[in-house]
Amino acid sequence: MRVILVGFGAVGQSFAELVDQEARKLELDYGLRPKIVGIVDHHGAAISPEGIDIKKALASKRSMKTLEGLGAGAYHPGKSALEVIKELECEVVVESTPTELKKGEPGLSHLKTAMKEGRNVICVNKGPLAIAMPALIELAHHNQVMFKFSGTVGGGTPVLDFAKKCLEGSKIRSISGILNGTSNFILSKMSAEGVAMKDALAEAQKLGYAEADPTYDIGGFDTACKLVITSNYVLGTSMSIKDVDITGITGVTKKDMDVAKGKGNVVKLIGRVEKGASVSPLEIPVTHPLNVSGTFNAISFDTYPAGEITLVGKGAGGKETASSIIRDLIEIRRTFAR
Ligand SMILES: NC(=O)c1ccc[n+]([C@@H]2O[C@H](COP(=O)([O-])OP(=O)(O)OC[C@H]3O[C@@H](n4cnc5c(N)ncnc54)[C@H](OP(=O)(O)O)[C@@H]3O)[C@@H](O)[C@H]2O)c1
């Protein structure tokens, strides 16, 4: 299975590393032989129809920040992902460029072009889905390609496939979740140690859990993206991020935490879909299954007749998210093999 990898950051590199390290197991257990024939980052592209030397690509990216180390034969500075997707034969395009929520670019164009070229697509980038998920699903259907995006919600925790496949036959009445590890780390720290928001945020930044500009996480936008993707995939809605009522955690104070504590509650950033979709800080009982601490994610499905079912796991991380790409590749392989 020939793969073009677009985006070679934390997730892209972890994916390449997994393909390299797990090659034997993937072939023995799943008949899967992924061959990365193209890697594109912001600077240019590496191309090798025989398969890129992954160890060399990783070493080059880590030491030089580009793929230049692969040599003049393979490295094409300035070559764009769109050019590579159009010119290079492959079965699967993996999209792992940064999430952008105004137009969903550059990911949206990468996905559309790949689908129009008849490539199956695996996307970990939430931007294109938060903005244009129904249109992308239709485009994939029209071009008869598979469109997988397991890593967009829950990182390596299989939230989407769990809900879609394991809850078959149950009615899902509502979905509530703690879907952003950064916000959860900050709120957990404020609650446990009585520190102010700005100190908890500074600690999250120091530990690498929060970006220098934390708006996307603490403003509730990341949670909203994941809610849109989950609702559309699991409940069959046709939402975009514009349909979500979003309040982040920036207004949460130490006093709010103390008041909640007095009632046996904690304050959490909850994404919820029932009749409408919303993201906001809410009080939940300390005994509630969604009360996970640190950077963990949790998602509860209120189902009939089975009742509430909650899934907990690491919601992010390069390796964890790369494992979701492997899951998607296995599913694509299985579908082809049928
Ligand atoms: N990290 C996680 O735990 C996690 C979990 C779930 C989902 N995600 C999503 O996965 C995506 C990737 O995350 P990440 O952590 O790997 O991000 P990252 O480390 O910032 O990597 C992004 C990569 O995209 C490349 N890129 C940027 N613009 C590009 C363009 N126009 N064409 C080609 N490549 C381009 C960058 O190139 P340069 O290296 O040259 O700058 C970089 O290699 C994001 O959308 C993120 O939201 C991440």
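The values are calculated or read from the model by the stated rules, or taken from the named source; none is laboratory data. What you see is a predicted model; the values in this text were computed from it and never measured. Note that each Cβ is placed from the backbone with ideal geometry, even for glycine, and that neighbours are counted across all protein chains shown. Quick note on the areas: whole protein, heavy atoms, side chains included, nothing else; ligands and nucleic acids left out. Shrake-Rupley method; radii C 1.70, N 1.55, O 1.52, S 1.80 Å.
Okay, here's what the table says:
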{"quantity": "Looking only at region 300-321, and only at residues there that are within 17 Å of residue 188 (Cβ to Cβ) and of a type in the set (A, V, I, L, M), the one that is surrounded by the fewest Cβ atoms within 10 Å (Cβ to Cβ)", "calculated": "312"}
{"quantity": "Single unsatisfied condition, residue 199 versus (1) in a helix (DSSP H, G or I); (2) touching a strand residue (DSSP E or B) at 6+ places or on another chain (Cβ under 8 Å)", "calculated": "(2)"}
{"quantity": "Scan of region 126-165 for residues that are within 13 Å of the ligand (Cβ to nearest atom), of a type in the set (Val, Ile, Thr) and not in a loop (DSSP other than H, G, I, E, B), ordered by number", "calculated": "131, 152, 159"}
{"quantity": "Subset of region 4-23 (residues that are of a type outside the set (Asp, Glu), more than 9 Å from the ligand (Cβ to nearest atom) and not in a helix (DSSP H, G or I))", "calculated": "4, 5"}
{"quantity": "Condition broken by residue 22, with the remaining ones in (1) closer than 18 Å to residue 334 by Cβ; (2) without any contact (Cβ under 8 Å) to a residue 40 or more places away in the chain; (3) among the acidic types (Asp, Glu) satisfied", "calculated": "(2)"}
{"quantity": "Qualifying positions in region 277-305 - without any contact (Cβ under 8 Å) to a residue 40 or more places away in the chain and under 19 Å from residue 160 (Cα atoms)", "calculated": "278, 289"}
{"quantity": "Any hit, region 166-174, residues being more than 14 Å from the ligand (Cβ to nearest atom), touching a residue at least 24 places away in the same chain (Cβ under 8 Å) and among the acidic types (Asp, Glu)", "calculated": "no"}
{"quantity": "Top-ranked residue in region 35-68 [being in contact (Cβ under 8 Å) with a residue 40 or more places away in the chain and open to solvent by less than 40 Å² (accessible area, probe 1.4 Å); ranked as farthest from the ligand (Cβ to nearest atom)]", "calculated": "37"}
{"quantity": "The lone exception for residue 186 - which of (1) surrounded by fewer than 24 Cβ atoms within 10 Å (Cβ to Cβ); (2) away from the ligand (no atom under 13 Å from the Cβ) it fails", "calculated": "(1)"}
{"quantity": "Region 69-95, residues that are more than 11 Å from the ligand (Cβ to nearest atom), in a helix (DSSP H, G or I) and more than 10 Å from residue 47 (Cβ to Cβ)", "calculated": "69, 86"}
{"quantity": "Search result, residues across region 108-125 that are in contact (Cβ under 8 Å) with a residue 40 or more places away in the chain and within 12 Å of the ligand (Cβ to nearest atom)", "calculated": "110, 122, 124, 125"}
{"quantity": "Of residues in region 322-338 being open to solvent by less than 40 Å² (accessible area, probe 1.4 Å) and in contact with a strand residue (DSSP E or B) (Cβ under 7 Å, 6 or more places away or on another chain), the one nearest to the ligand (Cβ to nearest atom)", "calculated": "325"}
{"quantity": "Residues (surrounded by fewer than 21 Cβ atoms within 10 Å (Cβ to Cβ) and among the aliphatic types (A, V, I, L, M)) located in region 103-144", "calculated": "132, 135, 137, 139, 140"}
{"quantity": "Conditions (1) farther than 30 Å from residue 23 by Cβ; (2) in contact with a helix residue (DSSP H, G or I) (Cβ under 7 Å, 6 or more places away or on another chain); number of the one not met by residue 265", "calculated": "(2)"}
{"quantity": "Enumeration of residues in region 24-67 that are closer than 21 Å to residue 85 by Cβ and assigned to a helix (DSSP H, G or I)", "calculated": "54, 57, 61"}
